[in-house]
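Single-structure report; data block below.
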Amino acid sequence: MVTVGITILSMSVFGIIASKIMLDSARAEQRAHLTDLANDIFLNIPKIYSKDSLKQYLNKIKNELHREKITLVAIENNQIIYTSNNDFIKSLSTADLEIIDFSETDETRFISISGIRNLYLTKSIQEMGYRLLLLEPEISIDHPISTTLIKRLITSGIIIIWVAIWIALIFGSVIAKHLKEKNIALKHQAMHDTLTNLPNRTLLMDRLKQAQLNAHRQLSPFVLIILDLDSFKEINDTMGHHYGDELLIEVSKRLLESIRENDSLARLGGDEFAILLPNTDYKGAEICAHRVLSILEQPLEINETLIEVKASLGITLYPEHGDSTDMIMQHADVAMYQAKQIGGGSYSFYDPALDSNSVRRLKLMTNLRHAIENNLLNVHYQPMIDQQQNCTIAVEVLARWNDKELGFIPPDEFIPIAEQTGTIRLLTLWVLNQATLDASHWKTLGHNIKIAVNISTNCLQDASFPDKINQIISKNNILASDIELEITESALMSDLSRARQILDQLHELGFKISIDDFGTGFSSLAYLKQLPVDVLKIDRSFVEDMKNNKSDAAIVNTIIQLAHSLNCKVVAEGIEDAETYDLLKELNNDIAQGYLISRPIPANDLEQWLETSVWKPRQSVIEETKLSGT
Ligand code: C2E
Ligand code: CA
Ligand code: CA
């Protein structure tokens with residue numbers, strides 16, 4: 001509208017200026033032409049003596065002129081004796097006649113007659129006493145030239161405005177359509193996940209609210225299932241993100257197949273999905289959970305490789321498990337972790353009894369990953385003493401975590417969580433990197449001490465693990481033979497066949513293998529013979545009370561004998577008093593570890609301890625008493 005207004009205004013201003021210019025030039029032309037005419041007429045006047053011949057002459061001229069508006073007047077003694085236009089002369093008063101300037105000049109002059117400006121020129125014919133007057137109305141604003149011009153300008157203005165309005169309308173509708181489409185696309189984007197095109201968390205929350213309203217109106221419950229893929233992280237890490245993305249797309253297709261038309265499937269992020277089942281109760285939820293699990297059980301083909309995925313499902317019912325959509329979401333999450341805890345590949349209904357525990361676990365899981373990725377963990381070192389030589393030959397590296405929000409978390413709490421979620425692989429590599437960095441620094445101080453690192457069996461399921469740790473130690477200039485990998489006996493026995501291959505590889509690379517918590521895992525001695533074991537580490541539960549408990553002492557003694565007969569070294573951990581220390585020495589134990597010698601301490605404290613302790617490392621001795629016993 002503003003544009004249209006401006007166009008009209010500018011066209012009018014332009015029209016007025018243009019018509020004014022045209023009018024001025026037409027008037028100048030009129031004046032020049034009239035002067036020429038007057039000269040012509042006046043100069044060629046023949047000698048006329050009678051009034052009649054004068055009239056005849058003037059009539060003739062008037063007819064030849066073809067200028068209608070020109071009036072010729074002859075005056076004698078202030079009396080009009082001839083006029084070529086009687087009507088006009090009627091309006092010429094005697095007062096007007098008096099204003100007329102009859103002095104001789106070639107210039108046109110003006111006189112206003114009946115409100116109209118007239119141009120005039122005069123001539124006195126002295127000899128005869130006549131005066132001639134030539135009059136013509138000046139070209140006015142409604143002169144054909146300016147009116148035509150104004151008309152044309154107005155017409156073109158109207159056409160321009162009309163065209164402009166149409167263009168604006170067409171463009172407007174095109175832009176409006178484009179904006180509408182863009183708006184729809186943006187709205188879709190804001191409500192959907194870009195990878196799978198499934199509704200996202202925002203849209204799910206909307207639908208949950210809708211389901212809640214319906215549930216109130218129709219007094220019918222609804223169900224929310226939260227689904228998390230088991231070991232997706234590992235697949236992503238080993239096969240790459242592109243493969244992981246393809247897997248998520250395939251899984252989302254499968255899940256869509258397993259729900260009804262009225263149900264909603266959403267992707268909450270990562271490998272987490274949600275299924276909303278309106279008008280569904282406990283039974284319906286169970287049926288859906290079974291269907292989802294069985295449809296996922298069939299292997300997926302991605303990039304020509306078959307892969308099996310499992311998922312953990314957490315189920316909540318509205319209103320039974322929460323009176324708000326937020327509660328329903330949160331409790332479904334808790335239930336999902338309960339399902340994971342069972343071992344994955346299953347579903348769990350929300351159980352309030354386990355809730356407080358699970359919320360903390362949930363926090364620990366998220367915070368731990370963040371802590372590892374942001375270097376917020378610590379390591380402590382606990383010295384290991386050669387009992388025959390009385391010197392430190394190694395340190396065990398133990399992870400420490402002081403969380404900003406949750407405070408100090410003991411490893412017995414966060415390690416099992418890290419194992420269940422697969423975060424343990426990341427943690428192990430982080431710990432190994434930190435310990436080998438410190439060890440290379442100790443080397444510069446002259447201490448050549450070995451490092452015992454705790455390895456979860458979870459790591460032994462990863463075929464790339466030997467490579468990964470080899471890269472870390474060589475980057476930090478540490479030899480594989482300076483690293484002892486402690487693997488818990490019980491864990492090792494539960495998945496021996498897969499772990500064995502990797503253990504063999506590690507052993508071939510030169511790493512020492514130690515069986516941790518030995519005596520608690522009921523390992524078959526036949527298996528022990530087949531494994532590349534270098535060290536047996538007696539579980540501290542036997543060591544703790546061996547000075548008072550004869551059976552414990554007997555078990556310790558047996559393990560020492562067994563180790564030596566298998567050509568392995570023995571470590572006794574959990575030594576808290578000198579009596580136990582001496583007892584172990586008598587039993588021919590090789591290496592001692594426990595609070596008596598030192599608690600696990602930070603790297604800085606260890607440096608000082610190594611300088612001042614009675615068990616300070618002895619370079620020459622270390623060389624002779626390598627853990628391998630060679
Ligand atoms: P572990 O491998 O058996 O480690 C020895 C544990 O015994 C340590 O507990 C240590 O502080 C404790 N200890 C040492 N000497 C004595 C003693 O004289 N008396 C008593 N009562 N305890 C003693 P911590 O540091 O709490 O670690 C607990 C467990 O957490 C470890 O048991 C290990 O299984 C796990 N862990 C710790 N750090 C890591 C790690 O980096 N990776 C893995 N996979 N596991 C780790
Ligand atoms: Ca250990
Ligand atoms: Ca142990």
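The values are calculated or read from the model by the stated rules, or taken from the named source; none is laboratory data. All of these numbers come straight from a predicted model, not from anything done at the bench. So basically every Cβ, Gly included, is an ideal-geometry build from the backbone, and we count neighbours across all protein chains shown.
Below is a table of values for the structure above.
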quantity: Enumeration of residues in region 379-412 that are closer than 23 Å to residue 487 by Cβ, away from ligand 3 (no atom under 16 Å from the Cβ) and of a type in the set (Asp, Glu); calculated: 386
quantity: Yes/no for residue 259 being β-branched (Val, Ile, Thr), touching a residue at least 40 places away in the same chain (Cβ under 8 Å) and on the phi < 0 side of the Ramachandran plot; calculated: no
quantity: Test: residue in region 344-360 that is hydrophobic (A, V, I, L, M, F, W, C), surrounded by fewer than 16 Cβ atoms within 10 Å (Cβ to Cβ) and assigned to a helix (DSSP H, G or I); calculated: yes
quantity: Members of region 298-333 found to be buried (at least 19 other Cβ atoms within 10 Å of the Cβ), aliphatic (A, V, I, L, M) and touching a Pro at 6+ places or on another chain (Cβ under 6 Å), listed by number; calculated: 317
quantity: Breaking point among (1) closer than 21 Å to residue 230 by Cα; (2) more than 32 Å from the chain's Cα centre (by Cα); (3) not assigned by TED's automatic domain parsing to the domain that holds residue 255, for residue 382; calculated: (1)
quantity: In region 159-170, residue nearest to residue 19 (Cα to Cα) [restricted to those that are exposed (fewer than 13 other Cβ atoms within 10 Å of the Cβ) and aliphatic (A, V, I, L, M)]; calculated: 159
quantity: Residue that is farthest from ligand 3 (Cβ to nearest atom), among those in region 499-540 that are small (Gly, Ala, Ser) and under 18 Å from residue 458 (Cα atoms); calculated: 499
quantity: Residue list for region 61-104, restricted to those being loosely packed, with under 11 Cβ neighbours inside 10 Å and either at pLDDT 85 or above or in contact with a helix residue (DSSP H, G or I) (Cβ under 8 Å, 6 or more places away or on another chain) (or both); calculated: 78
quantity: Residue match in region 90-97 (condition: of a type in the set (D, E, K, R), assigned by TED's automatic domain parsing to the domain that holds residue 122 and part of a helix (DSSP H, G or I)); calculated: yes
quantity: Tabulated pairs, region 282-305, first under 16 Å from residue 227 (Cβ atoms), second among the acidic types (Asp, Glu) and surrounded by 12 or more Cβ atoms within 10 Å (Cβ to Cβ), C-beta under 7 angstrom, 6+ apart or interchain; calculated: 300/250
quantity: Residues of region 541-551 satisfying the condition of being within 14 Å of ligand 3 (Cβ to nearest atom) and crowded, with 19+ Cβ neighbours inside 10 Å; calculated: 542, 543
quantity: Residue in region 206-222 that is at pLDDT below 90 and touching a helix residue (DSSP H, G or I) at 6+ places or on another chain (Cβ under 6 Å) present; calculated: no
quantity: Count of residues meeting criterion [of a type in the set (Gly, Ala, Ser), surrounded by 15 or more Cβ atoms within 10 Å (Cβ to Cβ) and either free of Cβ contacts under 8 Å to residues at least 24 places away in the same chain or more than 16 Å from ligand 1 (Cβ to nearest atom) (or both)] in region 482-500; calculated: 0
quantity: Condition met for residue 112 (in the same structural domain as residue 62 (by TED's automatic domain parsing) and touching an Asp or Glu at 6+ places or on another chain (Cβ under 9 Å)); calculated: yes
quantity: All helices (runs of 4 or more DSSP H) inside region 385-481 with 2 or more residues being within 16 Å of ligand 2 (Cβ to nearest atom) and surrounded by fewer than 21 Cβ atoms within 10 Å (Cβ to Cβ); calculated: 411-421
quantity: Count - residues of region 481-513 that are of a type in the set (Ser, Thr, Tyr) and at pLDDT 80 or above; calculated: 2
quantity: Pair list, Cβ under 8 Å, 6 or more apart: region 176-197 residue closer than 24 Å to residue 208 by Cβ and outside the structural domain of residue 264 (by TED's automatic domain parsing), other residue of a type in the set (D, E, K, R) and part of a helix (DSSP H, G or I); calculated: 191/206; 195/245
quantity: Failed item in (1) over 45 Å from the mean Cα position of the chain (by Cα); (2) without any contact (Cβ under 8 Å) to a residue 40 or more places away in the chain; (3) within 14 Å of ligand 2 (Cβ to nearest atom), with residue 533 passing the rest; calculated: (3)
quantity: Set 552, 545, 582: member being without any contact (Cβ under 8 Å) to a residue 24 or more places away in the chain and within 14 Å of ligand 1 (Cβ to nearest atom); calculated: 545
